[in-house]
Amino acid sequence: MSWDLYLVPAEAANDASSWLEEAAEREVDEQAARRHADVVLGRRQQLELFGPSEYGYELSEPEGSPFPLQVGLHGDHASISVAYWDLGEREAELGEVVVELVSALRQETGWVAFDPQSDRIVELDELRREFASGHAYGVDRVAEIAASGPKPKRKRFFGLF
């Protein structure tokens with residue numbers, strides 16, 4: 001489970017959900033996706049690059065990073081996903097990273113940010129707030145689900161619990 005954000009062409013802003021469904025069927029523009037990956041890497045050099053694949057390129061924080069961040073680059077759009085880990089006080093820091101990456105991709109492509117959780121375009125000046133509230137909400141829901149689920153059963157092992 002994750003907080004997600006998509007960057008889509010401005011002309012897709014009126015119906016970004018439908019546009020993204022159609023985009024999933026199109027072939028990836030590998031050259032554009034790689035160019036966009038380089039833009040992101042220019043801002044966050046520590047990200048690890050994966051690809052190309054049939055989906056384009058992916059950038060992820062390295063293993064051991066406190067930030068559960070993935071960036072998907074598909075040539076004609078991009079995605080940012082942040083797992084619902086409880087980051088405590090570092091959540092605001094990750095929000096800054098999200099804004100930085102969206103800003104870099106917007107500057108390069110002119111794309112707009114689409115928040116599928118609220119089904120609307122999010123302006124750069126409201127992105128920190130959207131991320132903070134959306135991610136915190138998801139972290140709380142995951143904690144509730146984990147707390148309400150069945151407790152694992154203890155198994156007998158050689159007659160002992």
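Just a few scattered comments:
- Within-10-Å neighbourhood charge of VAL71 [Cβ basis; K, R +1; D, E -1]: -1
- Neighbours of SER60, meaning other residues whose beta-carbon lies under 15 angstrom from its beta-carbon, give a summed charge of -3 when Lys and Arg score +1 and Asp and Glu score -1.
- For the chain, the dipole from Cβ point charges (+1 on Lys and Arg, -1 on Asp and Glu) about the Cα centre works out to 1160 debye, to the nearest 20.
- Euclidean distance between Cα centres, segment 10-25 to segment 75-131, Å: 17 Å
- The chain - percent relative contact order, Cα under 8 Å, separation 6 or more: 29 percent
- Rolling a 1.4 Å probe across the protein heavy atoms gives the chain an accessible surface of 60 Å² per residue.
- Under 5 Å from the amide H of VAL122 lie the amide H atoms of ALA113, PHE114, ASP115, each residue being 5 or more positions distant or on a separate chain, with H modelled from the backbone and absent for Pro and chain starts.
- The chain - percent of accessible surface contributed by carbon and sulfur, probe 1.4 Å: 50 percent
- Considering helices alone, the calculated mean residue ellipticity of the chain at 222 nm is -13500 deg cm²/dmol, with DSSP H runs of length four and up weighted by -39500 (n - 2.57) and normalised per residue.
- Label-point separation in nm, ALA24 to GLU48, each point 7 Å along Cα→Cβ: 2.6 nm
- Between ALA32 and ALA136, residue separation times 0.36 nm minus the direct Cα-Cα distance comes to 34.1 nm.
The values are calculated or read from the model by the stated rules, or taken from the named source; none is laboratory data. This one's a predicted model, so the numbers in the text were calculated from it and none came from an experiment. A quick note on method: Cβ atoms are made from the backbone with ideal geometry, for glycine too, and the neighbour counts reach across all protein chains shown. Remember, those area values only see protein heavy atoms, side chains included, never the ligands or the DNA or RNA. Shrake-Rupley method; radii C 1.70, N 1.55, O 1.52, S 1.80 Å.
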